[in-house]
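Rule-based calculations on the coordinates, nothing more; no lab input. This structure is a prediction, so every number in the text was calculated from the model and none was measured. Positions of Cβ are generated from backbone atoms using ideal geometry, with glycine treated the same way; all protein chains shown enter the neighbour counts.
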Amino acid sequence: MIWRTLIITSILAILIGGGVWIKDGLQIYTKDREEVVTIVKDELFGTTTKKVEYVPAFKFGLLPVDSTVADAPACFGSVLGFSVVVIAFSWYKLRRKS
């Protein structure tokens, strides 16, 4: 019973993680900041300049932000990999039991 529950939970994790990944724009790398571009017009000279700021915003990506171990769980690749391993192990235990 526990193995079937683990398989169902892992499939749900893959589906929910995939949905969040698709909603965040199918990014390859996980983003921790978002670029905000504002165009500032100078009234005195009549010129425009582009001002770029980076604000903290999390975008779920396929790969982690950097190569540290602490950032690895915050990506779809780790959710997918862990879920596939749990499904394979649970399937093995179910087959071995019967």
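In degrees from 0 to 90, rounded to the nearest 10, what is the angle of the helix 2-23 Cα long axis to the longest principal axis of the chain?
20 degrees
Round to the nearest 0.05 the FRET efficiency obtained for Leu62 and Tyr92 when R0 = 22 Å and r is the Cβ-Cβ distance. Before the final figure, lay out each step's value.
Working: r = 27 Å, r/R0 = 1.21.
It comes to 0.25.
So what is the calculated 222 nm ellipticity per residue for the chain, using -39500 (n - 2.57) for each DSSP H run with n of 4 or more, over all residues, to the nearest 500 deg cm²/dmol? All intermediate terms of the calculation are to be shown ahead of the outcome.
Numbers: 2 runs with 44 residues, N = 98.
Theoretical 222 nm ellipticity from helices: -15500 deg cm²/dmol.
Taking 0.36 nm per residue of separation and subtracting the Cα-Cα distance, what length does fully extending Ile2 through Ala72 add? The partial results should precede the final answer.
Details: separation 70, 0.36 × 70 = 25.20 nm, distance 2.68 nm.
This chain segment gains 22.5 nm when fully extended.
What percentages, rounded to whole numbers, describe P(r) for segment 48-98 computed over all alpha carbon pairs with 5 Å bin width beginning at zero?
4, 16, 14, 15, 11, 10, 9, 7, 4, 3, 2, 2, 1, 1, 0
For the chain, evaluate the Debye formula with one uniform point scatterer on each Cα (no solvent term) and list log10 I(q)/I(0) at q = 0.12, 0.24 Å⁻¹, rounded to two decimals.
Taking Cα atoms of the chain as identical point scatterers yields -0.56, -1.13.
So, R0 is 25 Å and r is the distance between the beta-carbons of Asp32 and Phe82; what FRET efficiency does that work out to, to 0.05? Could the numbers behind the result be given before it?
Numbers: r = 21 Å, r/R0 = 0.84.
Plugging the Cβ-Cβ distance into 1/(1 + (r/R0)^6) gives 0.75.
Leaving out same-chain residues fewer than 8 places away, which aspartates and glutamates sit with a Cα under 20 Å from that of Lys93?
Hits, sequence-local ones excluded: zero.
Explain nothing, just compute: Karplus ³J(HN,Hα) = 6.51 cos²θ - 1.76 cosθ + 1.60, θ = phi - 60°, for every residue of segment 42-58 in order, whole Hz, x for Gly and Pro.
Running phi through 6.51 cos²θ - 1.76 cosθ + 1.60 with θ = phi - 60° gives 8, 5, 5, 9, x, 9, 10, 10, 9, 10, 10, 10, 10, 9, x, 7, 9 Hz.
Which shape class, rounded, prolate or oblate, goes with segment 1-51 when its Cα gyration tensor gives a ≥ b ≥ c as root eigenvalues, a/c under 1.5 marks rounded, and past that a/b bigger than b/c marks prolate?
Numbers: a/c = 7.04, a/b = 6.44, b/c = 1.09.
It comes out prolate by the Cα gyration axes.
Against the longest alpha carbon principal axis of the chain, how many degrees, from 0 to 90 and to the nearest 10, is the axis of helix 76-97 turned?
10 degrees
Counting only residues 5 or more places away or on other chains, whose amide H sits under 5 Å from the amide H of Tyr29 once H atoms are built in the peptide plane?
Those qualifying (amide H under 5 Å, at least 5 residues apart or on another chain) are Leu62, Leu63.
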